[in-house]
Amino acid sequence: MEDSRPGSATARLPLRDYVQRVLVTLMILALAYFLWQVRDAFLLLFGGIVLATILVRLSHYASKICKMKRIWAVLLVVLLLLLLFAGAILMLFPMMSGEFTRLSEAAPGIRASLEQNRIGAAVLERLQESSGSVQWGSFFSQVTGVASGLFNFLTSMFVILFIALFLAVKSGWYVRGVVNSFPKPRRERVGRIM
């Protein structure tokens, strides 16, 4: 005979409580699935906020030093950061191309030393088997995959830069909006934090 006292292990939940628990579990799972699906958008938004914070701080200093309006200071900082980034790429590109040239020149020697080793010979044999079966379809899919990845990267950088510029130019509106979303007794403290 089953023990149906409230404290016993075999006590049954009423159907209503059971349904509520199942619905809460399903809602939590649906929320987790939704957050997983929009994780890239959250990362772009976070990147934009971080970049906007940097732009606001640097443009504040630029507007103090150069005695210019905030929007011009933001544009000046963005231009200087883009020039700095382009300069870094132009400085690093010759070194990287030199390393790739040295690697391609050293490739026959590396191959010869791998052929002398038992494990290296097995790896080379596997590579030759897989590269011998490469067809134009898989080559084309690799090329389109690289192009798609590059396009996604450039699009993401554009979105981050757009969000950052939008927030950096009119940051007061958004700060006030966030501060006003808190209860009145906490607004002053939140405003000081932000």
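The values are calculated or read from the model by the stated rules, or taken from the named source; none is laboratory data. Since the structure is predicted, the reported quantities are computational estimates derived from the model, not experimental observations. With ideal geometry, Cβ positions are generated from the backbone for all residues, glycine too; neighbour counts draw on all protein chains shown. For accessibility, only protein heavy atoms count, side chains too; no ligands or nucleic acids. Shrake-Rupley method; radii C 1.70, N 1.55, O 1.52, S 1.80 Å.
Out of Phe42, Phe100, one residue alone is open to solvent by 60 Å² or more (accessible area, probe 1.4 Å) and within 20 Å of Phe158 (Cα to Cα). It is Phe42.
Here is a check on your reading of the model: is Arg70 at pLDDT 90 or above and basic (Lys, Arg)? Spell out the reasoning first.
Values: at pLDDT 90 or above: no; basic (Lys, Arg): yes.
No.
Only residues that are more than 26 Å from Ile160 (Cα to Cα), assigned to a helix (DSSP H, G or I) and open to solvent by 100 Å² or more (accessible area, probe 1.4 Å) were counted across the stretch 65-97, and they come to 3. The condition of being closer than 29 Å to Trp173 by Cα, in a helix (DSSP H, G or I) and not aliphatic (A, V, I, L, M) holds for only one of Tyr61, Tyr18, that being Tyr61. Pairing residues of the stretch 109-131 that are free of Cβ contacts under 8 Å to residues at least 24 places away in the same chain with residues that are outside any helix (DSSP H, G or I), at Cβ distances under 9 Å and at least 6 apart in sequence or on separate chains, gives Val123/Asn117. Within the stretch 168-185, residues that are touching a residue at least 12 places away in the same chain (Cβ under 8 Å) reach partners that are open to solvent by 90 Å² or more (accessible area, probe 1.4 Å) with beta carbons closer than 6 Å, at six or more positions or on different chains, in the pairs Val175/Met194.
Mind listing just one residue for me: the one in the stretch 173-189 that is of a type in the set (A, V, I, L, M, F, W, C) and at pLDDT 80 or above and, of those, surrounded by the fewest Cβ atoms within 10 Å (Cβ to Cβ)? Residue satisfying both the conditions and the ranking: Phe182.
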